[in-house]
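Below: one structure, written as structure tokens.
The values are calculated or read from the model by the stated rules, or taken from the named source; none is laboratory data. Source: prediction; values computed, not measured. Note that each Cβ is placed from the backbone with ideal geometry, even for glycine, and that neighbours are counted across all protein chains shown. All accessible areas refer to the heavy atoms of the entire protein, side chains included, with ligands and DNA or RNA removed. Shrake-Rupley method; radii C 1.70, N 1.55, O 1.52, S 1.80 Å.
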Amino acid sequence: MDWKSKRISTILEAALAEDKVANDVTTALTIDPGLRASGTIVAKQACVISGLGCIPVFLDIFAKMSTVPPGRFEVVSHPEIFDGVKVKKGQTIAVIRHNAASILACERVILNLMQRMSGIATLTNEFVKAVAGTKTKVLDTRKTIPGLRALDKYAVCCGGGVNHRLDLQDGILIKNNHISLGGGLPTVLERALQGRKTGQVVQVEVRSQIELDQAIAGGAESILLDNMTPSQVKKAVKQIRTTLPTVPIEASGNMNLKTVRAYALAGVDFVSVGALTHSAAAADLSMRITADIY
């Protein structure tokens, strides 16, 4: 993750602006502006960490937004603590040494982002462990928070998952609405194959035996089995492998930790899980701030 890229910096700056961090009236009225402090970020539960890189960038952006230069800062973490690492309850993730007012102003925004990202990474890792020992990889979807997709998808990677399409330009995926509005699966598949650019793979979502037969007959280059039972998926995989042995096969639809292994054992290459980014619970992180003169 390039935390200093314009795209990411814009997201982080918007988050700070939303909280009006440069106008923290409580801190301004109660804290000596020259006080130095340490902010220790602690995991209050076992989780997979994601988002460490946001801390110094948030502080750099805050310095530019502040009317009074807050001075130097330092972000320290143990060499063994980095994005993608699983930490224990009570473990220190990072320590910020900075002007106390700056830490107080940025505390909630830093925690909000890291909690969301670490929650996504943690849930993703649970799905990855659930399919361990199979060839199946765990994919995310585009069911992300608007404006935060780059961060959501990075968090999935921290948990051991794999990114699916980043956006609508990033690959051709014919879904049920394209099929119903475009005149049926054979018609839209033919159009996509004829009109796609070099290197673009045409993936088709199928929901029934009829659509599966049509996708195979039409030469789909990747097949997504949607809302099928594990037994239906196993049967479909066998049929696809007989005719299109190298075509990637994906299963999706209400995937959860209790069922995902059954789908993996049915022989699919991928399972896509919308819950990774639309339903992940935020990891429980906190920040202890103490006076620190140095």
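Residue by residue through the range 169-182, note down the ones that are open to solvent by 50 Å² or more (accessible area, probe 1.4 Å), part of a loop (DSSP other than H, G, I, E, B) and free of Cβ contacts under 8 Å to residues at least 12 places away in the same chain.
Answer for the range 169-182, where residues must be open to solvent by 50 Å² or more (accessible area, probe 1.4 Å), part of a loop (DSSP other than H, G, I, E, B) and free of Cβ contacts under 8 Å to residues at least 12 places away in the same chain: 169, 170.
Residues that are exposed (fewer than 15 other Cβ atoms within 10 Å of the Cβ) and either of a type in the set (Lys, Arg) or touching an Asp or Glu at 6+ places or on another chain (Cβ under 6 Å) (or both): does the range 150-166 have at least one?
no
Name the one entry in 241, 261 that is of a type in the set (Lys, Arg), under 24 Å from residue 132 (Cα atoms), crowded, with 17+ Cβ neighbours inside 10 Å and at pLDDT 95 or above.
Testing whether each residue is of a type in the set (Lys, Arg), under 24 Å from residue 132 (Cα atoms), crowded, with 17+ Cβ neighbours inside 10 Å and at pLDDT 95 or above leaves just 261.
Could you tell me whether the range 30-41 includes any residue that is within 25 Å of the chain's Cα centre (by Cα) and open to solvent by 40 Å² or more (accessible area, probe 1.4 Å)?
no
Listed here are the residues, each with its yes/no results for (1) of a type in the set (D, E, K, R); (2) within 23 Å of residue 118 (Cα to Cα); (3) touching a Gly at 6+ places or on another chain (Cβ under 6 Å).
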| residue | (1), (2), (3) |
| --- | --- |
| 6 | yes, yes, no |
| 17 | no, yes, no |
| 42 | no, yes, no |
| 49 | no, yes, no |
| 61 | no, yes, no |
| 64 | yes, no, no |
| 71 | no, no, no |
| 74 | yes, yes, no |
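Would you point out which residue out of 72, 108, 97, 142 is assigned to a strand (DSSP E or B) and open to solvent by 60 Å² or more (accessible area, probe 1.4 Å)?
Every option except 97 fails the conditions.
Each row is one residue, and each column tells you yes or no for (1) modelled with pLDDT of 95 or more; (2) more than 16 Å from residue 253 (Cα to Cα); (3) more than 30 Å from the chain's Cα centre (by Cα).
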site: 183; (1), (2), (3): yes, yes, yes
site: 196; (1), (2), (3): yes, yes, no
site: 199; (1), (2), (3): no, yes, no
site: 218; (1), (2), (3): yes, yes, yes
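Please enumerate the residues belonging to the range 9-27 that are more than 30 Å from the chain's Cα centre (by Cα), assigned to a helix (DSSP H, G or I) and surrounded by 13 or more Cβ atoms within 10 Å (Cβ to Cβ).
Within the range 9-27, 27 is the sole residue that qualifies.
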